[in-house]
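All remarks here apply to the structure that follows.
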Amino acid sequence: MERTARALWLRAPGECEIRSVELPAPGDDEVLVRSLFSGVSRGTEALVFRGGVPANQRETMRAPFQEGDFPAPVKYGYLNVGVVEQGPPPLLGRTVFCLYPHQTRYVVPASAVTAVPADVPAERAVLAGTVETAVNALWDAAPLVGDRIAVVGAGMVGCSVAAVLAGFPGVDVQLVDTEPARAAVADALGVGFASPPDAVGECDLVVHTSASEAGLVRALELLAPEGEVLEMSWYGDRTVALPLGEHFHSRRLTVRSSQVGMVSPARRARRTFADRLALALRLLADPRYDALVTGGSAFDELPRVMPNLLGGEPSGLLHRVSYGDG
């Protein structure tokens, strides 16, 4: 077994480097995984990259296999697909998804990996963590047949929510974003698209994912009486102001949070984290999700690519990292 690997570390806010790491010998209930692809989660990883995780949220924000502490140095990430090179016979040679950072090889408990279904390409399976977030949000929101729904913010999470909603019978979904290029993504997903000023109101549900004050204000404006905004944005160390006068009380509007760190209360008694992730992977058999991958690079290029990717360069969705032969 090869006992070394290479991992991406945030050396300091805004500065990445690749470090060599020593791998432990896997135990009987562990697997050695060789990475095939990982995904850069632009929203959360951008917050980590700029050192914007609030001090009182640093434990809550830890990724499952994070090393180091916020703000830096830290090894962070949670979208990884690889092949099991050593481990229990049922997993040996299988393509698996794991909530692991950007690293060429790694050793984790066998329970930490989920087998990728045969009809889901490894290249697409890196989306599983984000689609899992969308699944949890829609367990929280519980949309009904025939609902009018807007998704404000066409980033990775918003597009994943829209993609899952597109499969709901009778639901009218519009993806709302300031970036006109997102119209092509909405078309590929089979949902409508509008700029914020042109979005159609009187919505039963608005899912907000733009991580902007303006987006949340517009989400409230789009609601029908007694409608609900499901807030999925993570603002980090920023505060937002909302117009909770005006129509907020007279229309009996609701703003409710959703966060993937716990299984939705609506399903917590009957579904585990593993169940939720397995469902997300099954959904990824649909090739429409390929529209969410808009860029890529080799692992060795990440120290050069990450500052532009996470430091303010706009417009992309998932950035897929390729590992070659590891």
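Computed from the coordinates by the stated procedures, all read-outs in this text should not be read as laboratory data. Not measured: the values here are computed from a predicted model. Counting neighbours? That spans all protein chains shown, and the Cβs are built from the backbone with ideal geometry, glycine included.
Odds and ends about this structure:
- Summary: within the chain, the longest segment free of chymotrypsin sites (Phe, Trp or Tyr not before Pro) located in DSSP loops with at most 15 other C-beta atoms within 10 Å is 1-234.
- For GluC sites (Glu not before Pro), the sites in the stretch 214-292 that DSSP calls loop and that have at most 15 other Cβ atoms within 10 Å are GLU246.
- Modelled this way, with points 7 Å down the Cα-to-C-beta line, the labels at SER20 and ARG256 are 5.3 nm from one another.
- Oblate is the label for the stretch 222-326, because the ratio a/c of its alpha-carbon gyration tensor axes (a ≥ b ≥ c) is 1.5 or higher and a/b is not greater than b/c.
- ALA274 versus HIS247: modelled label distance in nm, points set 7 Å from Cα along the beta carbon direction: 4.7 nm
- Ellipsoid equivalent to the stretch 79-186 - semi-axes via the Cα gyration tensor, in Å: 33, 15, 11
- Between VAL217 and GLN57, the contour length at 0.36 nm per residue exceeds the alpha carbon distance by 55.1 nm.
- Isotropic mean projected area of the C-alpha convex hull, the stretch 130-257 (nm²): 7.2 nm²
- Cα gyration tensor shape of the stretch 1-141, rounded if a/c is under 1.5, else prolate or oblate by comparing a/b with b/c: oblate
- Sorted from longest to shortest, the spans of the Cα atoms of the chain along the three principal axes equal 65, 39, 36 Å.
- Of the DSSP H helices in the chain, those with a Cα length along their own long axis of 18 Å or more and a mean Kyte-Doolittle hydropathy reaching 0.0 comprise 128-141.
- ASP69 paired with ASP172, simple spin-label distance in nm, labels 7 Å along Cα-to-beta-carbon: 5.3 nm
- Summing charges over neighbours of GLY87, with a neighbour being any other residue whose Cβ is under 12 Å away from its Cβ, gives -2 when K and R count +1 and D and E count -1.
- The chain: calculated mean residue ellipticity at 222 nm from DSSP helix runs of at least 4, using -39500 (n - 2.57): -6500 deg cm²/dmol
- Student exercise, the chain dipole from Lys, Arg, Asp, Glu Cβ charges, in Debye to nearest 20: 440 debye
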